[in-house]
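The values are calculated or read from the model by the stated rules, or taken from the named source; none is laboratory data. On a predicted model such as this, the values are computed, not experimentally measured, just so you know. Ideal geometry is used to build each Cβ from the backbone, glycine not excepted, and the neighbour counts take in all protein chains shown. The protein model used for the area step is the full one, side chains on, heavy atoms only, and it has no ligands, DNA or RNA in it. Shrake-Rupley method; radii C 1.70, N 1.55, O 1.52, S 1.80 Å.
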Amino acid sequence: KEEKRISYEQKLDLCDHSVAQKLLEIAIEKKSNLIVSADVTTTQELLALAEKVGPHIVALKTHIDILIDFNSDQTILPLKDLAAKYNFLLMEDRKFADIGNTQELQFAYGMYKISNWADLVTAQVIAGYDSLDCFRNVGVVAILGMSSKGTLTDSSYREEATKIALSHPNVFGGVAQNKIPNELLLFTPGINMADSGDGKGQQYNTPEHAFTQLETDFIIVGRGVYKSDDPEKSALTYKIAGWNAYEQSL
Ligand code: BMP
């Protein structure tokens, strides 16, 4: 018989990082493994989207630097209120990729002050183990493999990147398009039920693929939700599809 994936409850025993624990608890409570990627360019759109999809998600993924009108008081304070109201975490997809000292500055300084509000951040591991030391007060999701056509994250890169992710105490998960060890939570972007690509190198798979083939823990959906006519309904559709696919993979 085929080996089955382990459940969120079992992962709670395996993944002891506090942010991993929180995400798993929210997933179980909301019966959701959906992360919506809020790739919108104004604060108004960001907050409106968060309000609509908030009840259905475990985390909202941001690219905070694409906002044309970022303002800490007007963007972050209401966003944090919505995160508290609907019980989801804030995941800043910064994909840090520099030496530790520079990342430390990018993380805590500049206009975005990510360290003040993000619960988890994404980081490349290209600069090596020590470069991740600066992310002390958040959880780190390491970029192990990418979804885009022609990515350089081949199997030997992924293997080395995964070793760093497994051994670094700040890292509790990875972004990848392949299976990773159970001790890490797997986040899978490149999910869309209507399209197979975007004409700009993005490659899409279905929630079923992500759970059955990759044994993922969380699916990340951007345009499939925020570009749809009814983002709330789409979020619910992806939430249900993701949860069904998870249950079927058990
Ligand atoms: P969409 O579903 O609209 O294609 O958006 C995918 C999101 O996930 C984007 O915010 C992108 O930056 C992110 N992402 C990805 O698509 N592939 C990766 O390998 C890693 C990512 O973070």
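Observations, loosely collected:
- All conditions but one from (1) within 21 Å of the chain's Cα centre (by Cα); (2) more than 21 Å from I26 (Cβ to Cβ); (3) part of a helix (DSSP H, G or I) apply to L105; the one that does not is (1).
- Condition check for S115: away from the ligand (no atom under 12 Å from the Cβ) and within 24 Å of G197 (Cα to Cα): no
- Checking P207 against (1) farther than 19 Å from T122 by Cα; (2) open to solvent by less than 10 Å² (accessible area, probe 1.4 Å); (3) touching a residue at least 40 places away in the same chain (Cβ under 8 Å), the condition it does not meet: (3)
- Screening segment 66-96 for residues that are surrounded by fewer than 19 Cβ atoms within 10 Å (Cβ to Cβ) and small (G, A, S) and picking the one that is nearest to the chain's Cα centre (by Cα) gives A84.
- Residue match in segment 136-147 (condition: open to solvent by 20 Å² or more (accessible area, probe 1.4 Å), more than 14 Å from the ligand (Cβ to nearest atom) and among the polar types (S, T, N, Q)): yes
- Those residues of segment 1-18 which are among the hydrophobic types (A, V, I, L, M, F, W, C) and either surrounded by fewer than 18 Cβ atoms within 10 Å (Cβ to Cβ) or within 17 Å of I219 (Cα to Cα) (or both), in sequence order: I6, L12, L14
- Residue list for segment 198-222, filter: hydroxyl-bearing (S, T, Y) and away from the ligand (no atom under 11 Å from the Cβ): T206, T212, T216
- Boolean, P189 is away from the ligand (no atom under 12 Å from the Cβ) and either at pLDDT 95 or above or more than 16 Å from the chain's Cα centre (by Cα) (or both): no
- Residue match in segment 154-171 (condition: within 11 Å of the ligand (Cβ to nearest atom), touching a residue at least 12 places away in the same chain (Cβ under 8 Å) and crowded, with 23+ Cβ neighbours inside 10 Å): no
- Within segment 104-113, tally of residues that are surrounded by 22 or more Cβ atoms within 10 Å (Cβ to Cβ) and either in contact with an Asp or Glu (Cβ under 9 Å, 6 or more places away or on another chain) or touching a residue at least 40 places away in the same chain (Cβ under 8 Å) (or both): 1
- Scanning segment 27-65 for residues that are away from the ligand (no atom under 13 Å from the Cβ), open to solvent by 10 Å² or more (accessible area, probe 1.4 Å) and assigned to a helix (DSSP H, G or I) yields I28, E29, K30, T43, Q44, E45, L47, A48, E51, K52, P55, H56.
- Residue match in segment 177-193 (condition: within 30 Å of K233 (Cα to Cα), open to solvent by 70 Å² or more (accessible area, probe 1.4 Å) and in contact with a Phe, Trp or Tyr (Cβ under 9 Å, 6 or more places away or on another chain)): yes
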